[in-house]
Each structure stands twice: as C-alpha cells, then as structure tokens.
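Shown next, in structure tokens, is the structure this report addresses.
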Amino acid sequence: MTETTPAAGFRILAREDFSDVTYSLVVHHPLMAKAAQPGQFVIVMSHESGERIPLTIADFDRKKGTVTLVVQAVGKSTKEMQQVCQPGTSLYGIVGPMGVPSPLAGKKKVVCVGGGLGVAPIYPQARGFKENGAYVIGVLGFRTKNLVFWADKFRACCDELILCTDDGSVGMKGFVSDGIKVAIEGHKDIDEVVAIGPPIMMKACADTTRPHAIKTIVSLNPIMVDGTGMCGGCRVKIGNEVKFACVDGPDFDGHKVDFNDLMMRLRRYKEEEKAALDRWSENCRIMQQKPTVVPGNGTGESSLGLPDPFEEAMGG
Ligand SMILES: Cc1cc2nc3c(=O)[nH]c(=O)nc-3n(C[C@H](O)[C@H](O)[C@H](O)COP(=O)(O)OP(=O)(O)OC[C@H]3O[C@@H](n4cnc5c(N)ncnc54)[C@H](O)[C@@H]3O)c2cc1C
Ligand code: FES
C-alpha cells in the first residue's frame, strides 16, 4: 500500500454526473491503477484539511493510468466534493489500494448484484470474473429509469443482464432480490452471488440465497477512520467473530454478517454529521458565491481554491 501526496495532488481528468447526487471522477494515478484489484478501495482527502473518506475503486485502467471513483453526495464531505471536484482540479491525497482483493478465479457461474450506487463497485468484480472465464449474470437495481448508469459497461462483460427498477420504468419491476430469484430459477448451478449496495439491500440478498445454500459475498461499508486496523472504527460482527472491514474485508460471507449491528453503528454519529453539514451549508450560504476552482498549482497548498468555511469542523 502506498500513501502518496505529491504537491500537485491527483488530477481529475473527467467527471460525469449520473443524477443530482451521484457523480463519477476519473483520476490520474498510474501507480494506483497498476496496483488496484477488484474489491479494493481508497481513502481520499479532497483538500488539505478535508475528511478522509473511503471510496471503492469503481474502475481502473492500467494503460491510461487512471482510477474511477463513483460518489454519492450524502453529507458534508461528499457534497463539498460534488461542488468543487471538476476536471482540471486535483484531489489532495489518495491512500490505497486498501482491503483484501476479491477472489475471482475458479468460479464457473456467478451472479454480480449492484443496487443503486453499489452498481459502480460491483463492476470491476463482474469484469474480473469474466476475464477469469466465469459465466457472469449481472443483476442491477435502481429506483427508476433516470437513475440507471453503466448498463452498457455491464452488457459488455456479462453473459446475462437483469435490470430491475422499483417502479418498473425499465427492465423488470422489483428489487435486486427479485432479480436474484429470476437468476436462481434459470440456473441451478450458481457458484456464488456477490452483492454490493446499502446494508438493507445486501441483507435482503443474503436472505434470498440462504435457503438455496448459495455462497453469498457482500461488501461492507462501516464507518472507517484510519483504514489500517488500528482504530477499531470499522468493527463488524461476522458469525461469532469480530473483524475489521478495512483490513479483513470489506468482503465477507453475507450469511454470517450481523447487519443489524452494522446499521446501528452506521447511525451512531448522525447528530454530528448533521451539525457538520448544517455548518458547511450555512457558511456556503453566507459566502454567497461559488467556490473558485483552480487547477492543482504545485505549491502543496489545497488544490481547490476553496476557502475552508468550516475550520471548526475539520474532519467532518
Ligand atoms: C469500504 C468503503 C467503500 C465505500 N465506497 C463508497 C463509494 O464508492 N462511493 C460512495 O459514495 N461512498 C462510499 N462509501 C461511503 C462513504 O465513505 C461515505 O458516504 C462518506 O464517508 C460520507 O461522508 P460525508 O461527510 O459526505 O457524509 P456524513 O454526513 O459524514 O455521513 C453520511 C453517512 O455516511 C457514512 N459515513 C460517514 N463517514 C464515514 C466514513 N469515514 N467511513 C465510512 N462511512 C462513513 C455513515 O453511514 C453516515 O451516516 C464507502 C464506505 C466504505 C467503508
Ligand atoms: S478503519 Fe480503523 S480499524 Fe478499520
């Protein structure tokens, strides 16, 4: 694992907005692209005093030397990034790749399930299974047609694609757990299901496969701080064992995960998170101007020309 913070930061080459709250960033980082494996993640600081936030490596291109991150703006740091991370600006720091790579070899038939934002992190795994010779069934779930992204990328690496929407506006009407049922009805020889999405979705996927005794891997997203196994922040319960998602995961056996404990721990800092977001929003309102975005200038200072309006709330 390498921690790298060159003076100019890591240049954002491209950005795509999938919806009001979801956006992708293609970041120039040849070393990270070379080392990245499906299932791994990075910890990003968007600017010098920014919070460290874990983000899955949603794609990597070793030839171009890029990694792609897909972000959902849910709180202060991800909304701030949504405002200021534009092509030509830079991310201040990226640590990684972190986490245990997903084992991809030796599977004959797999189902790769992504729900909402989880569609992005499941992509490298679907592509990796395909490259290792597996028959890949993709199951992607979105609330509605307008939120669908990367369906073409999945069509290129999946033998079958089951698209689900909550409202039936495209594909089959239903949740990804309904899509898994369709896959199981059509295929009696599935080796493994891999599911990524909100905890409640991954729980539903594990509950769907349990009666069929199909091995089910989920990627857990507890609150992380250091990402090195030292702070204990990302503690998760797997059967009778306690594991740290940053170093032991983030992939775990979905039939053994204590999802209720995970969801309770994710809610633990709700008040502090809301206060940080409120302070940031209020400061943005007072400034009543869009932040000035300047490309990384090699000075070692924040590559975002954004005055930090929340000094007292550093780190979120
Ligand atoms: C291994 C891993 C991979 C992830 N991959 C992605 C990804 O690819 N795209 C994406 O948009 N999000 C991803 N997340 C979640 C992302 O890290 C959080 O949404 C982000 O940290 C929220 O920060 P915030 O300040 O915007 O929101 P806040 O208001 O601070 O938090 C909103 C919610 O995000 C979660 N969260 C907050 N801080 C952290 C933290 N330090 N670590 C983990 N979760 C936190 C909590 O559930 C919290 O209630 C991942 C999390 C983990 C652990
Ligand atoms: S983030 Fe600190 S132990 Fe995992």
Amide H contacts of His255 (H built 1.01 Å from N, under 5 Å, at least 5 apart or other chain): Thr216
Too long at a 21 Å Cα-Cα cut-off: which of Lys215/Lys243; Lys108/Lys173; Lys109/Lys215; Lys108/Lys243; Lys173/Lys270? Lys108/Lys173; Lys108/Lys243; Lys173/Lys270
What is the Cα coordinate range of region 64-180 on the first, second and third principal axes, sorted by size from largest, in whole angstrom? 41, 36, 23
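Order the peptides 168-174, 94-100 from the highest to the lowest mean number of other Cβ atoms within 10 Å of their residues. Show your work: numbers first, answer last.
On the way: 168-174: 14.9, 94-100: 21.4.
The peptides rank, most packed first, as 94-100, 168-174.
Size of the dipole of region 1-98 about the Cα centre, Lys and Arg at +1 and Asp and Glu at -1 on the beta carbon, nothing else charged, in debye to 20? Could you put the intermediate results ahead of the total?
On the way: 9 positive and 9 negative charges, 58 e Å.
That gives region 1-98 a dipole magnitude of about 280 debye.
On average, how much accessible surface per residue is there in region 1-98, in Å², for a 1.4 Å probe, leaving out ligands, DNA and RNA?
Values: 3810 Å² over 98 residues.
Counting only protein heavy atoms, the per-residue value for region 1-98 is 39 Å².
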Where the Cα atoms of region 109-266 are projected onto their three principal axes, how long is each span, largest first, in whole Å? 42, 33, 29
To check you understand DSSP bridge types, tell me what percent of the beta bridges within the chain (both residues inside) are antiparallel, rounded to 5. 60 percent
Volume per residue that the Cα convex hull of region 158-220 spans, once the total is divided by residue count, Å³: 90 Å³
I'd like to know which of Asn283, Gln83, Pro198 lies farthest towards the positive end of the charge dipole of the chain, counting +1 on Cβ of Lys and Arg and -1 on Cβ of Asp and Glu. Pro198
Candidate aspartates and glutamates - alpha carbon under 17 Å from Lys76, same-chain residues fewer than 8 apart omitted: Asp20, Glu48, Glu51, Glu271, Glu272, Glu273, Asp278, Glu282, Asp308, Glu311, Glu312
Using only protein heavy atoms and a 1.4 Å probe, report how much of His29 is accessible, in Å² to the nearest 10. 10 Å²
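Step by step: find N for the chain, compute 2.2 N^0.38 Å, then divide the Cα radius of gyration by it. What's the final number?
On the way: Rg = 19.5 Å, N = 316, 2.2 N^0.38 = 19.6 Å.
After normalising by residue count via 2.2 N^0.38 Å, the value is 0.99.
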Per DSSP helix of 4 or more residues, -39500 (n - 2.57); summed, then divided by the residues of the chain. What does that give at 222 nm, rounded to the nearest 500? -8000 deg cm²/dmol
Any idea what angle helix 199-209 forms with the longest principal axis of the chain, computed on alpha-carbon atoms, 0 to 90 degrees, nearest 10? 10 degrees
Cα gyration tensor, region 1-98 - rounded (a/c under 1.5), prolate or oblate: rounded
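The values are calculated or read from the model by the stated rules, or taken from the named source; none is laboratory data. What you see is a predicted model; the values in this text were computed from it and never measured. As a convention, Cβ positions derive from the backbone with ideal geometry for all residues, glycine included, and neighbour counts pool all protein chains shown. Accessible surface is based on the protein model in full, side chains and every heavy atom, while ligands, DNA and RNA are left aside. Shrake-Rupley method; radii C 1.70, N 1.55, O 1.52, S 1.80 Å.
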